[in-house]
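This report refers to the structure that appears directly beneath it.
Every number here is computed from the coordinates shown, using simple stated rules; none is lab data. Treat the numbers as computed from the prediction; the structure is a model and nothing was measured. Cβ placement follows ideal geometry from the backbone for every residue including glycine, while neighbour counts extend to all protein chains displayed.
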Amino acid sequence: MLTVVAALIEYEGKLLVCQRRRGSRFELLWEFPGGKVEPGETLEAALARELREELGVVARIGPELHRVQHQYRQSGEPFELVFFAASAAPGDVQNLEFERIEWREPKSLPELNFLEADRDLIAKLASGEIQLPRMG
């Protein structure tokens, strides 16, 4: 099964969220930064690489927060999505891949149109059921 990793990067109570580029698959939907795990990579190494590629940051990868299995009707291939807490200096974050990036309070996340696989986590973050560890 394909494994995908994503980062919940928190700064001063807000989370970094990213909007997929116009013209890309699932265009203009919101997601957390991350991507596919390559053969031989650990989940943490894959996430650190993806954050360098997408945001130009060297991030500290923290604990796993949430894991979900999902399958999009359009693609048919099931995958596992693993979310980690992460920290990066906000001043170092660059938008290298996305239409837009924003820092949002967890309770405001449901206002955005997230990818289907993220929606269970979004509800848990917005309600406070999942709390982010302080990674400083």
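Expressed in nm², what is the orientationally averaged projection area of the convex hull enclosing the Cα positions of region 1-67?
On the way: hull surface 21.5 nm².
Projected over every direction and averaged, the Cα hull of region 1-67 covers 5.4 nm².
In the neighborhood of Glu129, defined by Cβ-to-Cβ distances under 14 Å, what is the net charge if each Lys or Arg adds +1 and each Asp or Glu adds -1? Write out the running numbers ahead of the final one.
Working: positive: Lys107, Arg119, Lys124; negative: Asp120.
Here the count lands on +2.
Computed over Cα pairs, the Kirkwood radius of region 2-127 leads via Stokes-Einstein (1.567 mPa s, 4 °C) to a diffusion coefficient of 89 µm² per second.
A crude spin-label estimate for the pair Arg119 and Leu2, with each label 7 Å from Cα along the Cβ direction, gives 1.9 nm.
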